[in-house]
Amino acid sequence: MPERGRSAGGSLGASAGESSAGAAGHRRTVRSELAWRLVRAVLGDQITATGRSVLDVVDAGGGTGTLAVPVAELGHHVTVVDPSPDSLAALERRAAEARVTDRIHAVQGDAVALSDIVGPASTDLVLCHSVLEVVDDPAVALQSMAEVLRTAGALSVVVANPNAVVLAKVLGGHIAEARQALTDPAGRWGAADPMPRRFTVEQLRDVVEQTGLQVVAEHGLRVFADLVPGALSDEPGLAGMLLELEAEAAEDPTFRALASQIHLLARRI
Ligand SMILES: C[S@@+](CC[C@H](N)C(=O)[O-])C[C@H]1O[C@@H](n2cnc3c(N)ncnc32)[C@H](O)[C@@H]1O
């Protein structure tokens with residue numbers, strides 16, 4: 001019988017408590033805290049694996065620096081590749097506020113060109129959070145991400161899960177849209193759905209494995225946080241308990257399948 005409630009090698013649960021703030025003062029919420037813990041854990045693993053305390057990180061589609069800035073605050077060098085000049089301008093402001101400008105390199109570009117931009121086998125960790133949904137060709141973008149990794153380098157991917165949309169649509173009384181999201185190969189609920197595509201854990205695993213990377217972990221993020229009223233998840237005592245529950249459920253296959261987001265960690269072997 002599969003074991004329930006395993007934490008991600010201690011990375012999700014150990015120091016769980018209230019949501020936290022980075023040095024730049026950007027408060028993380030229950031909705032974003034688990035993803036940050038996973039990133040922090042993989043940074044620790046890469047430091048151990050490489051023997052270097054300062055890592056080369058690429059944030060593909062890093063946008064305004066929600067992840068890149070806190071990673072740079074830990075002392076690592078981060079290259080953010082994103083096509084949006086507005087996002088990159090906001091990133092630069094945020095980096096200046098956090099006094100990490102010297103450790104952040106912002107490049108206007110597409111994820112498919114990552115290998116040309118940062119060079120093959122140049123990177124310890126690629127972050128690709130909430131981006132595969134919108135790129136032109138996820139397989140080509142992932143191939144470029146795989147190419148920039150050094151041996152034993154890691155890829156952290158987060159995508160939207162169509163199963164969560166099915167549940168949300170049913171709960172909102174939109175049954176036809178729920179059925180459309182359930183049967184559509186891209187997990188879209190209709191023509192008005194602003195999201196070009198979503199990925200189940202199986203779809204994400206398949207497309208990542210096509211790059212030759214080895215999938216080493218899969219998690220469900222925001223299993224419950226999007227289902228409870230905001231006031232509840234913002235209430236300090238309950239927020240901590242909700243976070244603990246999220247950490248426990250993240251690796252349970254039953255709950256992972258229903259999470260709002262899927263996180264996958266892969267390695268170049
Ligand atoms: C939802 S935001 C996610 C931002 C950030 N990764 C995060 O987790 O907060 C999606 C980002 O992907 C970027 N993006 C869109 N198309 C892209 C592409 N082809 N290559 C790289 N980034 C892209 C957008 O400009 C935007 O900054």
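Residues of segment 111-129 that are more than 10 Å from the ligand (Cβ to nearest atom), within 14 Å of Gly62 (Cα to Cα) and without any contact (Cβ under 8 Å) to a residue 60 or more places away in the chain: none at all. Scanning segment 190-240 for residues that are touching a Ser or Thr at 6+ places or on another chain (Cβ under 6 Å) and either outside any loop (DSSP other than H, G, I, E, B) or over 19 Å from Ser130 (Cβ atoms) (or both) yields a single hit, Ala239.
Residues are listed down the side, and each one gets a yes or a no for (1) part of a loop (DSSP other than H, G, I, E, B); (2) open to solvent by 50 Å² or more (accessible area, probe 1.4 Å):
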{"residue": "Asp136", "(1), (2)": "yes, yes"}
{"residue": "Met145", "(1), (2)": "no, no"}
{"residue": "Val157", "(1), (2)": "no, no"}
{"residue": "Ala164", "(1), (2)": "no, no"}
{"residue": "Ala168", "(1), (2)": "no, yes"}
{"residue": "Ala176", "(1), (2)": "no, yes"}
{"residue": "Ala181", "(1), (2)": "no, no"}
{"residue": "Ala186", "(1), (2)": "yes, no"}
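Of all residues in segment 90-105, how many are open to solvent by 30 Å² or more (accessible area, probe 1.4 Å) and within 12 Å of the ligand (Cβ to nearest atom)? So the count comes out to 1. Among the residues in segment 150-157, are any within 30 Å of Ala181 (Cβ to Cβ), away from the ligand (no atom under 11 Å from the Cβ) and not acidic (Asp, Glu)? Yes, some residue in segment 150-157 is within 30 Å of Ala181 (Cβ to Cβ), away from the ligand (no atom under 11 Å from the Cβ) and not acidic (Asp, Glu).
Restricting attention to segment 241-269, the residues that are open to solvent by 40 Å² or more (accessible area, probe 1.4 Å) and outside any helix (DSSP H, G or I) total 4.
Being surrounded by fewer than 22 Cβ atoms within 10 Å (Cβ to Cβ) and touching an Asp or Glu at 6+ places or on another chain (Cβ under 9 Å) is true of Ala152. Just so you know, in segment 35-74 the residues that are more than 13 Å from the ligand (Cβ to nearest atom) and open to solvent by less than 20 Å² (accessible area, probe 1.4 Å) include one that is farthest from Leu114 (Cα to Cα), and it is Arg37.
The values are calculated or read from the model by the stated rules, or taken from the named source; none is laboratory data. Source: prediction; values computed, not measured. All Cβ positions, even for glycine, are placed from backbone atoms using ideal geometry, and neighbour counts span all protein chains on display. Heavy atoms of the whole protein, side chains included, go into the accessibility calculation; ligands, DNA and RNA do not. Shrake-Rupley method; radii C 1.70, N 1.55, O 1.52, S 1.80 Å.
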